[in-house]
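Take a look at the structure set out below.
Bear in mind these aren't lab numbers, they're just calculated from the coordinates by the rules spelled out. These figures come from a predicted structure and were not determined experimentally. FYI the Cβ positions are ideal-geometry reconstructions off the backbone, even for glycines, and counts take in every protein chain you see.
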Amino acid sequence: MVSKHNKKKRGPWREVWRRLKKNKMAMGGLTVMILLALIAIFAEYVAPYGFDDQNLANRFIGPSREYLFGTDNLGRDILSRIIYGSRVSLTVGFIAVGIALVIGGALGAVAAFYGGKVDNVIMRLVDIILAIPGMLLAISLAAALGPGLTNMMIAIGVGSIPGYARIVRSSVMTVKEQEYVEAARSVGASDLRIIMNHIIPNSLAPVIVQSTLGVAGAILSASALSFLGLGIKPPNPEWGGMLAGARQFIRDYWHMTTFPGLMIMITIYALNLLGDGLRDALDPRLRS
């Protein structure tokens, strides 16, 4: 009886957190992302060297006690560049998803809420963008805007808009038929108030999951753009850019490509684990 009473008092988000904590793989992914975020924030204190400290006498040194991940062709410490590069990768991941979520979410919510011609016009525009592969669109925008951190985030964010518009539209179409929305209409609540106070909060579950997985996709896209020379300009470090700079030395100096590649892989894997865990924790069919 006590446990049932406590469960009734437990809020919905606390219940989600309780169920997420039971998923060890998801908590492992969350732990990795928290560590990466802390490393990115305190990079100046964590990195043993500056990201562009060059010493040509120490070129191509393999992993050692002094240089844990070795050095590159300019004698720069690879570990330090990876640590500073985490700032770029995480920033691009979260801000690009934020751009896609705000614009795509707004379009999807308006289309679903009003329906009819509004829905038809918005979703046909979304379909036009969706007809272009997201990565190809990002490459085209990045090439048109030019290299740079801001342009890269815009390019990746715009390329991801259709996916978020469709997810939010689908979720809102389900929520807007609920009784509490009809009750809000009956007391004279404005459309904006209904959308902000009732529709969006109750449509967040699939959006949160998609956003988590979307950050992983954005980081991967940023690495690809940097690899193609459309990312941030050197000497600023970015994991994909580090891979691009090291590819000509891959046969002789394995460490130059291995460690940046491992960081991309670990980050994407951690975000996928967290996204899967959130999906399970937010699925109402699995609540007990």
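So what's the net charge close to Pro63: Lys and Arg +1, Asp and Glu -1, counting the other residues with Cβ under 13 Å from its Cβ? Could the numbers behind the result be given before it?
Values: positive: Arg65; negative: Glu66, Asp72, Asp77.
Result for the neighbourhood of Pro63: -2.
With a 10 Å cut-off between alpha carbons and a GNM built on the chain, which of Ala57, Ala37, Ala144 moves the most?
Ala57
Calculated from the structure, volume of the Cα convex hull per residue in Å³ equals which of [x] 122; [y] 162; [z] 205?
[y]
Taking R0 as 41 Å, what FRET efficiency do you get between Phe42 and Lys117 from their Cβ-Cβ distance, rounded to the nearest 0.05? Could you put the intermediate results ahead of the total?
Working: r = 52 Å, r/R0 = 1.26.
Between Phe42 and Lys117 the formula returns 0.20.
Highest mean first, how do 210-220, 227-237, 14-24 rank when packing is the count of other Cβ atoms within 10 Å averaged over residues?
Working: 210-220: 24.1, 227-237: 18.7, 14-24: 14.2.
Ranking the peptides 210-220, 227-237, 14-24 by packing returns 210-220, 227-237, 14-24.
Would you mind checking which residues have amide H under 5 Å from Asp52's amide H? H placed 1.01 Å from N; only 5 or more apart, or other chain.
none
For n ≥ 4 DSSP H runs only, could you compute -39500 (n - 2.57) per run for the chain, divide by its residues and tell me the 222 nm figure to the nearest 500?
Values: 13 runs with 203 residues, N = 288.
So the calculated ellipticity at 222 nm is -23500 deg cm²/dmol.
Determine, for each peptide in 268-276, 129-137, the mean count of other beta carbons within 10 angstrom over its residues, then list the peptides with the highest first. Don't jump to the answer; show the numbers that get you there.
Details: 268-276: 20.2, 129-137: 14.3.
So the order, starting with the most tightly packed, is 268-276, 129-137.
Sum up the lysine pairs in the chain that clear both bars: alpha-carbon distance under 30 Å and a spacing of 8 or more or different chains.
Qualifying lysine pairs in the chain: 16.
Go through the range 80-96 residue by residue and turn each phi into a ³J(HN,Hα) via Karplus (6.51, -1.76, 1.60, θ = phi - 60°); whole Hz please, and just put x for glycine and proline.
5, 5, 5, 4, 5, x, 4, 4, 5, 4, 5, 4, 4, x, 6, 6, 4
Select from Leu38, Ala26, Ser89 the residue farthest towards the positive end of the dipole of the range 1-154; place +1 on Cβ of Lys and Arg, -1 on Cβ of Asp and Glu, and compute about the Cα centre.
Farthest along the dipole direction, towards plus: Ala26.
I need the calculated FRET efficiency for the pair Thr91 and Trp13, taking r as the beta carbon distance and R₀ as 35 Å, to the nearest 0.05. Could the numbers behind the result be given before it?
Details: r = 26 Å, r/R0 = 0.75.
Efficiency at R0 = 35 Å is approximately 0.85.
Suppose a student asked you for the relative contact order of the range 76-223, using Cα pairs under 8 Å spaced at least 6 residues apart; what percent would you report? Don't jump to the answer; show the numbers that get you there.
Values: 155 pairs, mean separation 55.8, N = 148.
38 percent.
What list of ³J(HN,Hα) couplings, whole Hz, do you get for the range 158-168 from phi and the Karplus terms 6.51, -1.76, 1.60, once you set θ to phi - 60° and write x for glycine and proline?
For the range 158-168, the Karplus curve yields 5, x, 9, 4, x, x, 6, 4, 5, 5, 5 Hz.
7 Å from Cα along Cα→Cβ at both Gln178 and Leu136: what's the point-to-point distance in nm?
For Gln178 paired with Leu136, the spin-label model returns 3.9 nm.
Using θ = phi - 60° and the Karplus curve 6.51 cos²θ - 1.76 cosθ + 1.60, what whole-Hz ³J(HN,Hα) does each residue of the range 124-140 get, with Gly and Pro shown as x?
5, 5, 4, 5, 4, 5, 5, 5, 9, x, x, 5, 5, 5, 5, 5, 5
What's the local net charge at Val207, with K and R +1, D and E -1, over the other residues with C-beta under 13 Å away?
Working: positive: Arg166, Arg169, Arg279; negative: none.
So the surrounding residues net to +3.
I need the calculated FRET efficiency for the pair Leu125 and Lys233, taking r as the beta carbon distance and R₀ as 30 Å, to the nearest 0.05. Before the final figure, lay out each step's value.
Details: r = 33 Å, r/R0 = 1.10.
Calculated transfer efficiency: 0.35.
Taking K and R as +1 and D and E as -1, what net charge do the other residues with C-beta under 14 Å from the C-beta of Met25 add up to?
On the way: positive: Arg19, Lys21, Lys22, Lys24, Arg279; negative: Asp276, Asp280.
Charge balance in the 14 Å sphere: +3.
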